[in-house]
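The values are calculated or read from the model by the stated rules, or taken from the named source; none is laboratory data. The shown structure was predicted, so the numbers you read here are calculated from the model rather than taken from an experiment. Glycine gets a Cβ as well: all are built from the backbone with ideal geometry, and neighbour counts include every protein chain shown.
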């Protein structure tokens, strides 16, 4: 009489275990909540991952800090947020957002097509199924599930006269507390870092509490940055870095091979996302762009390179990630002078 009861109990436990694994919670940071592009793309991602037996339950967060903390605490099984916040889970992948790491400069002109090609090849590299890639994409129980660009971070200044590094000395620039490299770089040029977060840097800029922020053009309209620019400000056409969103998941909550499938999915979305970025660029009124001369572009690119290497030596950037990116930069632009140096190649 007891045997059926035992079988029923075992069956019930199996069903409970299957149910526990049936729905994984994906927490998505999007400052526009459920109406934003990031959340919209996450919905398509959730549908695509059903082929892997993954049934995502999406939750939108307008606070990136809360989204990543909920993921770290186990409330979420996966998270999508900027690399500034996901660096704690995988610093190799987050190296994509290091100062000037993906920038291509040709004859004093920023080559945005080349810059995006570096990022595309980097994402392709990390989407290649191999034990070496898996080793780089995994840190403990955390694994990178994909990288997608959300655009170059351009300097937005409240006075066009601040378009040079020299002019920024003594000025207030927004910096994320959780990305120490920003404060170091700001202090390096003699400016003052002002603590900010993704959720409030635009209000500080629009209210005149900081003189400069660096954000992708996708933020221009939804965050009403024209208020901060006013009649005197502008957007310098020099990318400090290309900002990315990164998907991170807890491996123990997903089936074998999920990471490969997830990274391949986001690679396939590259052109779709790039079109959104270009739409963001087009939203900036032509008169508000500030063009940087060739000499300044060369000087600033070298400055970012030197800062990037110094920050890696300080442990603020991951040397393995930067080494991979340098090799890709030199594949895309082999004539660059840096390609004849061993600056990042000899790092261990």
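Side notes on the structure shown:
- Remark: pairs (first residue in region 132-148, touching a residue at least 24 places away in the same chain (Cβ under 8 Å) and on the phi > 0 side of the Ramachandran plot; second residue surrounded by fewer than 24 Cβ atoms within 10 Å (Cβ to Cβ) and part of a strand (DSSP E or B); Cβ separation under 6 Å; 6+ apart in sequence or on different chains) are absent.
- Subset of region 260-293 (residues that are in a loop (DSSP other than H, G, I, E, B) and over 30 Å from residue 132 (Cβ atoms)): 283, 284, 285, 291, 292, 293
- Helices (runs of 4 or more DSSP H) lying entirely in region 118-227 (those with 2 or more residues that are at pLDDT below 95 and surrounded by fewer than 16 Cβ atoms within 10 Å (Cβ to Cβ)): 131-137, 180-188
- Among the candidates 66, 28, residue that is buried (at least 23 other Cβ atoms within 10 Å of the Cβ), under 21 Å from residue 141 (Cα atoms), touching a strand residue (DSSP E or B) at 6+ places or on another chain (Cβ under 9 Å) and at pLDDT 95 or above: 28
- Near pairs, Cβ below 6 angstrom, 6+ apart or cross-chain, from region 327-348 (over 16 Å from residue 301 (Cα atoms)) to any residue that is at pLDDT below 90: none
- Test: residue in region 234-252 that is in contact (Cβ under 8 Å) with a residue 60 or more places away in the chain, surrounded by 22 or more Cβ atoms within 10 Å (Cβ to Cβ), assigned to a loop (DSSP other than H, G, I, E, B) and more than 20 Å from the chain's Cα centre (by Cα): no
- In the set (1) surrounded by fewer than 20 Cβ atoms within 10 Å (Cβ to Cβ); (2) touching a helix residue (DSSP H, G or I) at 6+ places or on another chain (Cβ under 8 Å); (3) not in a helix (DSSP H, G or I), residue 334 fails one condition alone, (2).
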